[in-house]
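The structure appears below as structure tokens.
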Amino acid sequence: MPDHLSNSQINLYLNCSLKYKFLYIDRLPKPFKPSGLAFGSVLHSALNWFHKQKMNGNGVTLDRLYRIFDADWYCQKLDHAIQYKESESETSLVSAAKQMLGMYFQSPHNKVKGSEVPFTLPANGNGFGIDFEGWFDLIEENDTIVEFKTSAQTMNQEDADNHPQLTIYSYAYETLFGRPPKTLKIVNFVKNKKPKMIVLKTRRDKTHYQRYFSLAGEVLRGIQNQVFFPRQSFMCKDCEYDSPCRAWGRD
Ligand code: SF4
């Protein structure tokens, strides 16, 4: 059973508890990496490099940022066999990523206080009875938390207002820094034919926290009681566990 939870684990359990089991309990090897995961991971790495350079007062050119992206992408390909969707190719993904990095590079930036900052909320007192781990993509001045999201569909204000990850990150910031964040920001990179970047802002309060704790508590109860079952959805197209999933329920 887990010794901690993260928002992505909670999210995965809610989307497909069987996939959660394969990944975090059985630790089955993955035969490939879906392109979306590789894309998000490399984009985050490049942005992290960019923010760390800014934090340290180093000048950054867009060309250098592209070269960092290229190097990270190359490493991803060495580490994993990447599985692309029918509608995409390596060339189209790399081009989309560079357009997104270009848009972000040209946009106004606030002073960086921290980039990819890890945190742990210990079990005693975090509201759901198990250590919670996560990291802030970016902390800006004026108590602003920024989360970078890549998606195929454009996120809207309702998505930002209801996004569970921002709820727990707001709670974590308040717990760790002794004051609530003033702004929660999502920078949404949209991977359609013409890539775009949308910025959404939102806030959270205690009622949001309470609801998140209840949800996380139910997820934890499900895991502890070994409630795992397949939930077929659009996610199955990219799932690394098609084969063990098909075998589920036969024995
Ligand atoms: S193939 Fe679909 S239902 Fe099966 S484990 Fe993966 S996501 Fe879940």
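Using a Förster distance of 51 angstrom, determine the FRET efficiency expected from the C-beta separation of T61 and R250, and round it to 0.05.
E(calc), rounded to 0.05, equals 0.35.
Just how large is the dipole of the range 98-167 about the Cα centre, in debye to the nearest 20, putting +1 at every Lys and Arg Cβ and -1 at every Asp and Glu Cβ?
280 debye
Given points 7 Å out from each Cα along the Cα-Cβ axis, report the A71 to M235 separation in nanometres with one decimal.
3.4 nm
With unit charges on the beta carbons (Lys and Arg positive, Asp and Glu negative) and the dipole taken about the Cα centre of the range 1-150, which residue among P2, S41, F119 sits farthest to the positive side?
Checked the options; the winner is S41.
Report, in whole Å, the centroid distance computed from the Cα atoms of the range 143-195 and the range 81-104.
22 Å
Could you run the Karplus curve 6.51 cos²θ - 1.76 cosθ + 1.60 with θ = phi - 60° over the range 45-61 and give me ³J(HN,Hα) per residue in whole Hz, x for Gly and Pro?
4, 5, 5, 4, 4, 4, 5, 5, 4, 5, 4, 8, x, 8, x, 10, 9
Which value, in debye to the nearest 20, describes the size of the charge dipole of the chain about its Cα centre when Lys and Arg Cβ atoms bear +1, Asp and Glu Cβ atoms bear -1, and nothing else is charged?
420 debye
Please work out the Cα convex hull volume for the chain and give it in Å³ per residue.
In the chain, the Cα convex hull volume per residue is 136 Å³.
Counting Lys +1, Arg +1, Asp -1, Glu -1, what net charge surrounds L121 among other residues with beta carbon under 11 Å of its beta carbon?
So the surrounding residues net to -3.
Give me, ordered by chain and number, the residues 5 or more places off T120 or on other chains with an amide H under 5 Å from its own placed amide H.
Distant-sequence amide H within range of T120: zero hits.
Which residues' amide hydrogens lie under 5 Å from the amide hydrogen of T150, considering only partners 5 or more residues apart or on another chain, with H built in the peptide plane?
The list, which skips near neighbours in sequence, is F189.
Cα gyration tensor of the range 110-226, axes a ≥ b ≥ c as square roots of the eigenvalues: rounded (a/c below 1.5), prolate (a/b > b/c) or oblate?
Cα axes put the range 110-226 in the oblate bin.
Roughly speaking, what is the centre-to-centre gap between the range 216-251 and the range 42-64 when only Cα atoms are used, to the nearest Å?
If you average the Cα positions of each part, the centres end up 38 Å apart.
With the contact rule set at Cα under 8 Å and sequence spacing of 6 or more, what percent relative contact order holds for the range 133-229?
So the answer I get is 28 percent.
Among 10-21, 208-219, 224-235, what's the highest-first ranking by average C-beta atoms within 10 angstrom per residue?
Ranking, from highest mean packing down: 10-21, 208-219, 224-235.
Pick out, from S107, V94, Y66, the residue whose Cα sits farthest towards the positive end of the charge dipole of the range 32-109, with +1 on the Cβ of Lys and Arg and -1 on the Cβ of Asp and Glu.
Looking along the dipole axis, the top candidate is S107.
No value in this document is a laboratory result; all are computed from the given coordinates. No experiment lies behind these values; they were computed from the predicted model shown. Virtual Cβ from ideal backbone geometry, glycine too; neighbours counted across all protein chains shown.
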